[in-house]
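All remarks here apply to the structure that follows.
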Amino acid sequence: MKHKTPTLNSRNLTHLGVAWLTWATLSTAVAQAPSAPASATATAVQAQQFTLANGMSLIVKPDRRAPTAVHMLWLRAGSMDEVDGSSGVAHVLEHMLFKGTPTVPVGEFSRRVAALGGRDNAFTSLDYTGYYQQIPATRLADVMALEADRFANNQWPDEEFKKELEVVKEERRMRTEDNPRALLHEALNAAVFVASPYRRPIVGWMSDLESLTPEDARSYYQRWYVPANAAVVVAGDVDVAEVRRLAEKYYGQIPARAVPERKPRVEPAQTGLKRIAFKAPAEQAMVTLAFKVPTFQSFEGGQDESDALALTVLSAVLDGYSGARLERALTQGPDRVADSAGADNGLWGRGPQLFMLSGVPAKGKTAEQVEAALRAQVTRIATEGVSEAELARVKTQWVASAVYKLDSVFNQARELGTSWVQGQPLDAHERLIERLRAVTAEQVKAVAAKYFGDDQLTVAQLLPQPLNKTGKPRTAAAGSRH
């Protein structure tokens, strides 16, 4: 992972080479917003979606402003589709997709993409797995042939799996076990969720990684890497008819198979406050509050969907721009209680979502004081509401970022892929903004009063322990792709 920015759903994303679903990705048009530049509007073309004979989805979005294209393969399968005892296998398999087919040797895939003048990588989340290449548009057929081959014919020797598993285990050590906040986050999810597979970390528990076998990965591959469980997304300087022809040629010949039935794993209602105290070597304490909240599931939905949107606006009022409420109230002035504070709402996903509040105590302050200050800010909105000026500022922030987002072909492809994974229409992000712009101050006030009681709350507190002797972080694992 090269960079990480605050997200609407940061729990669900890991091991990415790009920033995902930021406030910028929600925005295309809002009242009082600046007009999009001519470069963004003059070439706007609607995406088109097709279904190949084997059930695979194809989504194409032409954008002729530069002679480049982005090719993505999305699987509606992530760590939530694992079974207990094999956590981390979705991510390990993502690594193994780079390890060969009968016609492409180990390590050759990325070399061939680079020789085409492109770059490639992959990502795993709770909800999905994805692979992408950014290439000159004239080389689209080449990467489609490569990707279709490894999707259908991935194979590798057991020894290659064992070597890559060591790379993944070192990733876990470096990014989780040597990171006290990541450990706290992992412990929090395990405490919040009872039935939902969201309780397992994407990278996997170390004990599961230690016992993971090549057959575990092959079984996951055979079960979920099915044409009807996948979508190809292409955006850039392309012709829709030609992309469809190429997709039929390379992907359409893959034999159809049924997508396995998914068992419902409904999270039971929480009936009381949960608290965890987590000890880890760290310089500062931290506290995170996780409230169970409704998920946005459908644009034709009811009260839960409306509340999910209002909660998203609430999180932006608290922490959606420089100088927002949490920053002003908790981190500034002589009586400040925190060095940093934040809010985040999980708007949508295949599993249950959380509204998160977090803070790092300032010197001389306690985690309990930060917790009280965070809750006080929500209570204040529940009693006093928010101003129209705050709402306007939040919406304008979204749009200002969206203007730049439209210039990225990669972002366009990414939005189409995430919409497909969630079962949303192709214009979901545009429609989402239309719904968000309609959220009122009264709705924000109402959800602040409705969802922040103790019965749906889990509090996780990091209790700092002495640092190790060196105090130095680990270096990146050799061979790590992310």
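The values are calculated or read from the model by the stated rules, or taken from the named source; none is laboratory data. Not measured: the values here are computed from a predicted model. Neighbour counts run over all protein chains shown; Cβ positions are idealised from the backbone, glycine included. Please note that ligands, DNA and RNA were not included when accessible areas were found on the heavy atoms of the full protein model with its side chains. Shrake-Rupley method; radii C 1.70, N 1.55, O 1.52, S 1.80 Å.
Things worth noting here:
- Axis angle, to the nearest 10 degrees, between helix 388-405 and the longest C-alpha principal axis of the chain: 20 degrees.
- Angle in degrees between helix 140-153 and the longest Cα principal axis of the chain, rounded to the nearest 10: 90 degrees
- Largest to smallest principal axis extent of the C-alpha atoms in the chain, angstrom: 64, 55, 41
- Residue 265 versus residue 210: modelled label distance in nm, points set 7 Å from Cα along the beta carbon direction: 2.3 nm
- Gyration tensor analysis over the Cα atoms of segment 242-288 returns equivalent ellipsoid semi-axes of 49, 22, 10 Å (largest first, whole Å).
- Within the chain, longest stretch clear of exposed GluC sites (Glu not before Pro) (DSSP loop, no more than 16 other Cβ within 10 Å): 1-260
- Net lengthening on full extension, residue 383/residue 242 (0.36 nm per residue, minus Cα-Cα): 45.0 nm
- Our note on the geometry: Cα centres of segment 166-200 and segment 331-373, 20 Å apart.
- Helix 180-192 axis, angle to the chain major axis (alpha carbon atoms, nearest 10°): 90 degrees
- Rounded to the nearest 500, the helix-only mean residue ellipticity at 222 nm of the chain stands at -11500 deg cm²/dmol, with each DSSP H run of n ≥ 4 adding -39,500 (n - 2.57).
- Counting protein heavy atoms only, the chain has 52 percent of its accessible area on carbon and sulfur, 1.4 angstrom probe.
- Accessible surface for residue 71 stands near 0 Å², nearest 10, in the context of the full protein assembly shown (1.4 Å probe).
- Accessible area, probe 1.4 Å, largest first, for residues 196, 340: 340, 196
- Solvent-accessible surface (1.4 angstrom probe) belonging to residue 92, in square angstrom, nearest 10: 0 Å²
- Where labels lie 7 Å past Cα in the beta-carbon direction, separation of residue 158 and residue 83 in nm: 2.0 nm
- Length gained on full extension, residue 195 to residue 106: 28.2 nm, using 0.36 nm per residue less the C-alpha separation.
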